[in-house]
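Input: a single structure, listed below in structure tokens.
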């Protein structure tokens, strides 16, 4: 199969795969607002922060950031912890519940649906699928990295 045919086939198959494997959300489950999710994601990537650091990063007022943090502490998604380097400062950090929300929000596909379909494939089909998806992602990553490098030069 040439590259053009592969592109056409992938573009035709992707919507069908998405519809079959998309993770449906329980409408009654907690769903963080975009600014809340941004804060949780940032903490997951950066580690504990002070309110002032979060305020600067998100370019929001101290009161607005404090309000969001207070709400997340009440929900049990964040905890205030003493800064070991400076006991007068406090940091905010994800609780186990907060980490679970971040992980859940990152999931696009329903693990149970993917697992059921994967169990119906042979070992070689599963390995080929994973190898192919990995190669596709790596090719896109290499292109992105090259473009970013050219932009900096």
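Computed from the coordinates by the stated procedures, all read-outs in this text should not be read as laboratory data. Note that the structure is a prediction, hence the values are computed from the model and not measured. No Cβ is skipped: glycine too gets one built from the backbone with ideal geometry, and neighbour counts run over all protein chains shown.
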Quiz item: In the set 146, 70, which member is surrounded by 10 or more Cβ atoms within 10 Å (Cβ to Cβ) and under 22 Å from residue 42 (Cα atoms)?
Solution: 70
Practice problem: Kindly indicate the residue of the stretch 56-67 that is assigned to a helix (DSSP H, G or I) and out of contact with any strand residue (DSSP E or B) (no Cβ under 8 Å at 6 or more places or on another chain) and also surrounded by the fewest Cβ atoms within 10 Å (Cβ to Cβ) among those meeting that condition. | Solution: 63
Quiz item: Just wondering, is there one or more residues in the stretch 37-45 that are farther than 30 Å from residue 129 by Cα and over 17 Å from the mean Cα position of the chain (by Cα)?
Solution: no
Exercise. Select from the stretch 73-110 the residues that are closer than 15 Å to residue 41 by Cα and part of a helix (DSSP H, G or I) and list them in ascending order.
Key: 96, 97, 98, 99, 100, 101, 102, 103, 104, 105, 106
Quiz item: Are any residues in the stretch 36-55 under 23 Å from residue 103 (Cβ atoms) and part of a loop (DSSP other than H, G, I, E, B), and if so, which ones?
Solution: 47, 48
Quiz item: For residues in the stretch 11-35 being in contact (Cβ under 8 Å) with a residue 40 or more places away in the chain and in a helix (DSSP H, G or I), which is surrounded by the most Cβ atoms within 10 Å (Cβ to Cβ)?
Solution: 21
